[in-house]
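Participant: Encoded as structure tokens, here's the structure I'll be asking about.
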Amino acid sequence: MRGSPLYYQFPTHITIDGTEYEMRPSWDRVLEAYDTRADQSLPYAARAKHICSLLLWDAPKDYARAAVELFRFFDGDQKQSDEPRSYDFKQDAQYIYGAFWQTYGIRLTEWRDMRKKPNEKARWMHWNEFLYLFASLPEDTRMSAIIGIRTSKIPKRNEHNSEMVDHMIRQKAAFKLDVSEDDGAARFAKGASELFDKLEAQARNGRKPR
């Protein structure tokens, strides 16, 4: 049973095959890790190693196994949804940045984890905190307005609403999300990707990822 984040610290450690590792769970490193997972130009082993270098202070015994467990950890209890995705952290980066500044006075670039060692005093934002703040953006931000455009249903055209329907169609086209196999919302809603399912099977069978 997990405690409420209102009175428990955000997690900073993970246990993998009986060994505890200290993580680097900042918003920027987790997002880069998800982008790395989706990068089909890199071989499996290179992706797993880079992901671990982003999210762990110490090198794990098995990079493939550790990468699987890290994504399982960050995917958490997110449930699959049949609803179409309404945002993408990469495509909507400028709107997210602006919304954080408008709402919280936070320049996200100033909250990246730039530490050289674990106990170094520096400000950075935990992935969980980033998600909570993102989910709480008010309706008056451009990001929330864009999500509203993407999720709104276009009514059936009639003699009274043609102009409104045309406007909604134009708006949806302007802010349409690119098609991607490993997109922003699906990254943590669907759990470990097919790539790391394969890595997990390889690690379980004692084979090195190719």
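Participant: All but one of (1) of a type in the set (A, V, I, L, M); (2) surrounded by 18 or more Cβ atoms within 10 Å (Cβ to Cβ); (3) over 27 Å from MET143 (Cβ atoms); (4) in contact (Cβ under 8 Å) with a residue 60 or more places away in the chain hold for VAL30; state the number of the condition that does not hold.
Facilitator: All conditions pass for VAL30, except number (3).
Participant: So, ASP39, is that one at pLDDT 90 or above, farther than 14 Å from TRP127 by Cβ and not aromatic (Phe, Trp, Tyr) or not? Reasoning before the result, please.
Facilitator: Values: at pLDDT 90 or above: no; farther than 14 Å from TRP127 by Cβ: yes; not aromatic (Phe, Trp, Tyr): yes.
Spelling it out, it is not the case that ASP39 is at pLDDT 90 or above, farther than 14 Å from TRP127 by Cβ and not aromatic (Phe, Trp, Tyr).
Participant: Does at least one position in the range 128-145 carry a residue that is among the charged types (D, E, K, R), under 22 Å from LEU31 (Cα atoms) and part of a helix (DSSP H, G or I)?
Facilitator: Taking every residue of the range 128-145 in turn, at least one turns out to be among the charged types (D, E, K, R), under 22 Å from LEU31 (Cα atoms) and part of a helix (DSSP H, G or I).
Participant: Against the conditions (1) free of Cβ contacts under 8 Å to residues at least 40 places away in the same chain; (2) within 19 Å of SER136 (Cβ to Cβ); (3) among the small types (Gly, Ala, Ser), where does GLY76 fall short? Just the number, please.
Facilitator: The one condition GLY76 does not meet is (1).
For (1) within 24 Å of LEU56 (Cβ to Cβ); (2) surrounded by 15 or more Cβ atoms within 10 Å (Cβ to Cβ); (3) out of contact with any Phe, Trp or Tyr (no Cβ under 6 Å at 6 or more places or on another chain), each residue gets a yes or a no:
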{"residue": "SER86", "(1), (2), (3)": "no, yes, yes"}
{"residue": "GLN94", "(1), (2), (3)": "no, no, yes"}
{"residue": "THR103", "(1), (2), (3)": "no, yes, yes"}
{"residue": "THR109", "(1), (2), (3)": "yes, no, yes"}
{"residue": "LYS116", "(1), (2), (3)": "yes, no, yes"}
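Participant: Please state which one of ALA99, ALA93 is on the phi < 0 side of the Ramachandran plot and more than 16 Å from the chain's Cα centre (by Cα).
Facilitator: Residue meeting the stated conditions: ALA99.
Participant: Scanning the range 1-20 for residues that are under 14 Å from VAL68 (Cα atoms) and in a strand (DSSP E or B), which turns out nearest to the chain's Cα centre (by Cα)?
Facilitator: Filtering first and then ranking leaves ILE14.
Participant: Go through (1) modelled with pLDDT of 95 or more; (2) part of a helix (DSSP H, G or I) for ALA59 and report which single condition fails.
Facilitator: With respect to (1) modelled with pLDDT of 95 or more; (2) part of a helix (DSSP H, G or I), ALA59 is out only on (2).
The values are calculated or read from the model by the stated rules, or taken from the named source; none is laboratory data. Everything quoted here is computed from the prediction, not taken from an experiment. Ideal geometry is used to build each Cβ from the backbone, glycine not excepted, and the neighbour counts take in all protein chains shown.
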